[in-house]
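The values are calculated or read from the model by the stated rules, or taken from the named source; none is laboratory data. Not measured: the values here are computed from a predicted model. So basically every Cβ, Gly included, is an ideal-geometry build from the backbone, and we count neighbours across all protein chains shown.
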Amino acid sequence: MNILEIRNLCVSVEEKPVLKNLSLSLPEGETHVLFGPNGSGKSSLMLTLMGFPQYKVTSGEIFFKGVNITSLAPSERAKMGLGIAFQSPPAIKGLKLGSLVHEISSRFFPEFSLEEESRQLIMQTYLHRDVNHGFSGGERKRSEILQLSAQNPDLILLDEPESGVDIENMKTLGQAIHSILHRGATEKRTKSALIITHTGYILDYLSADWGYVLVDGQIQCENNPYELLKLIQEKGFQLCEVCERTQQKQ
Ligand SMILES: Nc1ncnc2c1ncn2[C@@H]1O[C@H](COP(=O)(O)OP(=O)(O)O)[C@@H](O)[C@H]1O
Ligand SMILES: [Mg+2]
């Protein structure tokens, strides 16, 4: 079964089309990777999947666990098991990180151990602070993954988890994300992920199944994610404009 299926999705933000007839299928238990140059619509796709109202679906449909969620509110999507870690997590003054994580876990995942998880993410001393307020880039990302872990979503949307993060933090984040994805897994992973990455560092900690290159709101190419990453690193995204696969598609 596909945990996520996007059919011919067209999305506009402030009247500007940002996603153009995008289709994608993510089978349950798989990790898919989204590459693409700045401004190609990667974050817009994630925010549309989560249901942020600025992103207007002008046509097409989004199915999550077989249910058409295209017009559901973000809170309904979260209750169904969809979770996101933002590219630039916002700060929330007046709300303690520990209270937020406790509130999330008590609703979504009562077995969550705040002590253990905050230790893994080296966030024990941040729990009494306002969410992300004055946090460094790496601290914000660790805080974000702690919140995601407390939600225990079945499909995890990660928007550039390595941006603004040093190598030490990357290891901590990579291991924590790996733990979330494998939580409760038996032989096969039980959780699925859609990950945006530029550097591919996160892929050192996860095994990815499939990759896409998004250019100007459209999927130009799909292939083995490690091969795509290698090609992009060697030749850049200009390659997509002359790629044989793209030519064949047109
Ligand atoms: N909330 C918004 N308001 C106005 N323009 C937006 C908004 N979100 C995205 N865009 C525009 O949509 C395009 C795609 O942006 P984005 O999805 O953030 O790209 P990426 O994540 O691939 O770098 C950009 O031109 C960006 O300026
Ligand atoms: Mg982005």
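Give all pairs with beta carbons closer than 6 Å in which a residue from segment 148-177 that is closer than 22 Å to Pro27 by Cα meets a residue that is of a type in the set (Val, Ile, Thr) and not in a helix (DSSP H, G or I); count only pairs at least 6 apart in sequence or on separate chains.
Leu155/Ile3; Leu157/Ile84; Leu158/Ile195; Asp159/Ile196; Glu160/Ile196
Among the residues of segment 83-100, which ones are part of a loop (DSSP other than H, G, I, E, B) and within 29 Å of Leu4 (Cβ to Cβ)?
Phe86, Gln87, Ser88, Pro89, Pro90
Pairs please, first residue from segment 11-29 and more than 22 Å from Leu155 (Cβ to Cβ) and among the hydrophobic types (A, V, I, L, M, F, W, C), second anywhere and within 16 Å of ligand 2 (Cβ to nearest atom) and modelled with pLDDT of 95 or more, Cβ atoms under 6 Å, 6+ apart in sequence or on different chains.
Qualifying pairs under 6 Å: Val13/Gln54; Val13/Tyr55.
Sort out for me the strands (runs of 3 or more DSSP E) sitting completely within segment 1-82 that have 1 or more residues that are of a type outside the set (A, V, I, L, M), crowded, with 16+ Cβ neighbours inside 10 Å and more than 16 Å from ligand 1 (Cβ to nearest atom).
Passing ranges, in order: 2-13, 31-35, 55-64.
I'd like the residue in segment 126-167 that is within 16 Å of ligand 2 (Cβ to nearest atom), over 13 Å from the mean Cα position of the chain (by Cα) and surrounded by 18 or more Cβ atoms within 10 Å (Cβ to Cβ) and, out of all such residues, is nearest to Leu47 (Cα to Cα).
It comes out as Arg140.
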